[in-house]
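The values are calculated or read from the model by the stated rules, or taken from the named source; none is laboratory data. For clarity, every value in this text was computed on a predicted model and none was experimentally measured. Cβ placement follows ideal geometry from the backbone for every residue including glycine, while neighbour counts extend to all protein chains displayed.
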């Protein structure tokens, strides 16, 4: 087994890859069960084996229940036009961006894509949700969703970016 020095992640990304909570990852780190993990300053660096952290088996208790291999499902990002209309009509601020990673779906106000992606327009073959335009992201690319309590946070972020 060769340790990939190039790809290391933190506890949050390791938890996302394993489909478990960050507290569980920290517990595994404390027990020394994540292979090759090391603490650099205040943060943990977790190496990836075939795109996923390697975890040793425990001595007692039930078997582990986390993802054993990297996801192969594409991430689809769409915009829900019905929520846009509802927000305008009711003066609300519900999230409109839909992020679907495999079978998990979530809504947010903003998405940061840290790698390659494609915008697809397919009027004759829409997605299951009915979307005809969507952004398709490879499974190994990190997608960071952001949710805001009110839109003043978005305006402040745009003002800072322009300045």
**Report entry** Condition broken by residue 101, with the remaining ones in (1) within 21 Å of the chain's Cα centre (by Cα); (2) at pLDDT 90 or above satisfied
**Finding:** (2)
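Just to be sure I understand, how many residues within segment 116-134 are assigned to a loop (DSSP other than H, G, I, E, B) and either in contact (Cβ under 8 Å) with a residue 24 or more places away in the chain or surrounded by 14 or more Cβ atoms within 10 Å (Cβ to Cβ) (or both)? If you could, list the steps in order and put the result at the bottom.
Let us first name the residues in segment 116-134 that are assigned to a loop (DSSP other than H, G, I, E, B), namely 116, 122-132.
Subsequent filtering for residues that are either in contact (Cβ under 8 Å) with a residue 24 or more places away in the chain or surrounded by 14 or more Cβ atoms within 10 Å (Cβ to Cβ) (or both) retains 116, 127, 129, 131.
Matching residues across segment 116-134 total 4.
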Query raised in the report: Any residue in segment 4-20 that is in a loop (DSSP other than H, G, I, E, B), more than 18 Å from the chain's Cα centre (by Cα) and under 25 Å from residue 73 (Cβ atoms)?
Result: yes
**Report entry** Answer from 137, 143, 97 - the residue that is in contact (Cβ under 8 Å) with a residue 12 or more places away in the chain and closer than 16 Å to residue 83 by Cα
**Finding:** 97
Query - Filter result for the condition that a residue is at pLDDT below 90, in contact with a helix residue (DSSP H, G or I) (Cβ under 6 Å, 6 or more places away or on another chain) and surrounded by 14 or more Cβ atoms within 10 Å (Cβ to Cβ), over 46, 52, 113, 142 - result: 52
Query raised in the report: residue 93 passes all but one of (1) surrounded by 10 or more Cβ atoms within 10 Å (Cβ to Cβ); (2) assigned to a loop (DSSP other than H, G, I, E, B); (3) not assigned by the TED database to the domain that holds residue 121; which number fails?
Result: (3)
Requested in this report: Can you confirm whether segment 26-47 contains a residue that is touching a residue at least 60 places away in the same chain (Cβ under 8 Å) and either farther than 12 Å from residue 8 by Cβ or not in a strand (DSSP E or B) (or both)?
Outcome: no
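For segment 70-86, does any single residue satisfy the condition of being closer than 19 Å to residue 21 by Cα, at pLDDT 90 or above, in contact with a strand residue (DSSP E or B) (Cβ under 9 Å, 6 or more places away or on another chain) and surrounded by fewer than 16 Cβ atoms within 10 Å (Cβ to Cβ)? Please lay out each step first, then the result.
Taking segment 70-86 as the starting set, the residues that turn out to be closer than 19 Å to residue 21 by Cα are 70-71.
Filter once more, so that each one left must be at pLDDT 90 or above: none.
No; the residues of segment 70-86 include none that is closer than 19 Å to residue 21 by Cα, at pLDDT 90 or above, in contact with a strand residue (DSSP E or B) (Cβ under 9 Å, 6 or more places away or on another chain) and surrounded by fewer than 16 Cβ atoms within 10 Å (Cβ to Cβ).
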